[in-house]
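Okay, structure first, notes after.
The values are calculated or read from the model by the stated rules, or taken from the named source; none is laboratory data. Being a predicted model, the structure only gives us computed values, none of them experimental. Cβ placement follows ideal geometry from the backbone for every residue including glycine, while neighbour counts extend to all protein chains displayed. Please note that ligands, DNA and RNA were not included when accessible areas were found on the heavy atoms of the full protein model with its side chains. Shrake-Rupley method; radii C 1.70, N 1.55, O 1.52, S 1.80 Å.
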Amino acid sequence: MKENRNKNIAIRLGSMLLDHFIMTFSIVFPTLIIGGIGFIINRNASESNLSSEFGIFMGIVMLIMFSVYLNKDAIKGKSPGKRILGFVIVDNKTGKIATPVKALIRNITLVIWPIEVLVSIFSTQRRIGDYIAGTKVVSGNIEQEVKINKPQILLSLLLGTLILAGIFILQFLIIGVNFLNW
């Protein structure tokens, strides 16, 4: 029994780590390319205001890219790592594949990932995000006829971007940074 529990913990932590690496690399490279192009354009421009515009642009790009990270499970309840390992996120009550918005809500708690890892060690079935969103991760490829709901995915990306912007602004307000003078 204990061996099975340890195996579940190892698989869940391995899945979390695999997802983190895949999503980080898939976000970092496009962000670096966009930033590099923007830097070249900014360096060649003669206007001094373009520098602050470039900073705002890169801030928006980073918010969108982090929103993509939080929405990693939006397509049919599977992130790249879950697809590889054969997991899917489902609604805890109905057993149906989680909607993109539920997947986003589940992943919002990744901003406190060390705590999520600890909870995953002690709770082999659900992490904090699962409790909040009313979801769980199940093993096996559930083949439900789920259409990709593009409007819901776009809504989820927009919500993720707005939530991250709110967290970002809240951090600066807490430390006392005035955005108008920054």
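What is the spin-label model distance, in nm, from I112 to S139 if the labels are put 7 Å beyond Cα along the C-beta direction?
2.9
Suppose the chain between V61 and K7 were pulled fully straight at 0.36 nm per residue; how much longer would it get relative to their current alpha carbon spacing?
15.6 nm
Please compute the modelled spin-label separation between F172 and I84, points set 7 Å along Cα→Cβ, answer in nm with one decimal.
Calculated label separation equals 3.6 nm.
What's the extension gain from I22 to Q125 if we count 0.36 nm per residue and subtract their Cα-Cα distance?
34.8 nm
Give the carbon-plus-sulfur fraction of the accessible surface of the chain in %, rounded to a whole number; probe 1.4 Å, heavy atoms of protein chains only. Don't jump to the answer; show the numbers that get you there.
Numbers: 7970 of 11500 Å².
Of all accessible area on the chain, carbon and sulfur atoms account for 69 percent.
How large is ³J(HN,Hα), in whole Hz, for each residue of segment 117-122 in order, when computed from phi with the Karplus curve 6.51 cos²θ - 1.76 cosθ + 1.60 and θ = phi - 60°, using x for Gly and Pro?
5, 4, 5, 5, 5, 8
When each pair of different Cα atoms in the chain is counted once in the 1/r mean, what is the Kirkwood radius in angstroms, to one decimal?
The answer is 18.1 Å.
Using 1/(1 + (r/R0)^6) with R0 = 45 angstrom and r between the beta carbons of T94 and S52, what's the FRET efficiency to the nearest 0.05?
Once rounded, the FRET efficiency stands at 0.40.
Normalised by the residues of the chain, what does the relative contact order come to in percent, with Cα pairs under 8 Å and at least six apart?
24
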